[in-house]
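Here's the structure we're looking at; comments come further down.
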Amino acid sequence: NREGEISCPDATRFHLPMADWVGFCWRVLTDMRGGEVFVPRLRAWRLGDLAAAFDGLRFSEIGLRDGDKMHEWLIAPDEARRGQDIGWAYVVEPGEHLRGVYDYQPWQGTPLPPSFAYNSEGADRLSMDELRALLDSG
């Protein structure tokens, strides 16, 4: 029997395959206007689910380590007021002080609700079959 360690089974992390990251970055580089932050639409997984996808391995829980987070945050609630849903991504536009430096052209999307927050805890999750397929392909 093989054993491993897991910090916290309820912690969540975002997931995006490397090829998709490259495509996202390329699109951002070609579409950006300057000063905005692009956030991809991502799915997530629980650390406990990922551990369970390793058939035949047992894990002991060691607790969060110094600097660990329970969940990843990509858009905090205070950033949502400058956020837009542009379909293929979220964009957090620069503040007025930066927009005034040059002729920034705002994105035409759907404004994010004031209470919007984007973190791995609330994101759609990969299924156990999808996690196992990721492990098999890597």
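Quick notes on this one:
- Top-ranked residue in the stretch 7-21 [being open to solvent by 40 Å² or more (accessible area, probe 1.4 Å) and over 15 Å from the mean Cα position of the chain (by Cα); ranked as nearest to Ala51 (Cα to Cα)]: Asp10
- Identity of the residue in the stretch 101-138, hydroxyl-bearing (Ser, Thr, Tyr) and part of a loop (DSSP other than H, G, I, E, B), that ends up nearest to Leu16 (Cα to Cα): Ser120
- Test result for Val91, under 14 Å from Phe38 (Cα atoms) and either touching a residue at least 24 places away in the same chain (Cβ under 8 Å) or open to solvent by 40 Å² or more (accessible area, probe 1.4 Å) (or both): yes
- Filtering the stretch 53-100 to residues that are of a type in the set (D, E, K, R) and not in a loop (DSSP other than H, G, I, E, B) leaves Arg58, Glu61, Asp78, Glu79, Arg81, Arg82, Asp85, Glu96, Arg99.
- Of the residues making up the stretch 32-51, those that are open to solvent by 50 Å² or more (accessible area, probe 1.4 Å) and either within 30 Å of Glu96 (Cα to Cα) or not in a strand (DSSP E or B) (or both) are Met32, Arg33, Val37, Arg41.
- Residue check, Arg27 open to solvent by 70 Å² or more (accessible area, probe 1.4 Å) and either at pLDDT 90 or above or part of a loop (DSSP other than H, G, I, E, B) (or both): yes
- Residue ID - modelled with the lowest pLDDT, chosen from residues in the stretch 47-63 that are charged (D, E, K, R) and within 13 Å of Arg132 (Cα to Cα): Asp55
- Within the stretch 100-138, the only residue that satisfies the criterion of being crowded, with 16+ Cβ neighbours inside 10 Å, under 17 Å from Asp49 (Cα atoms) and among the hydroxyl-bearing types (Ser, Thr, Tyr) is Ser120.
The values are calculated or read from the model by the stated rules, or taken from the named source; none is laboratory data. Computed from a predicted model, the values in this text were never measured in an experiment. Neighbour counts run over all protein chains shown; Cβ positions are idealised from the backbone, glycine included. Accessible surface is based on the protein model in full, side chains and every heavy atom, while ligands, DNA and RNA are left aside. Shrake-Rupley method; radii C 1.70, N 1.55, O 1.52, S 1.80 Å.
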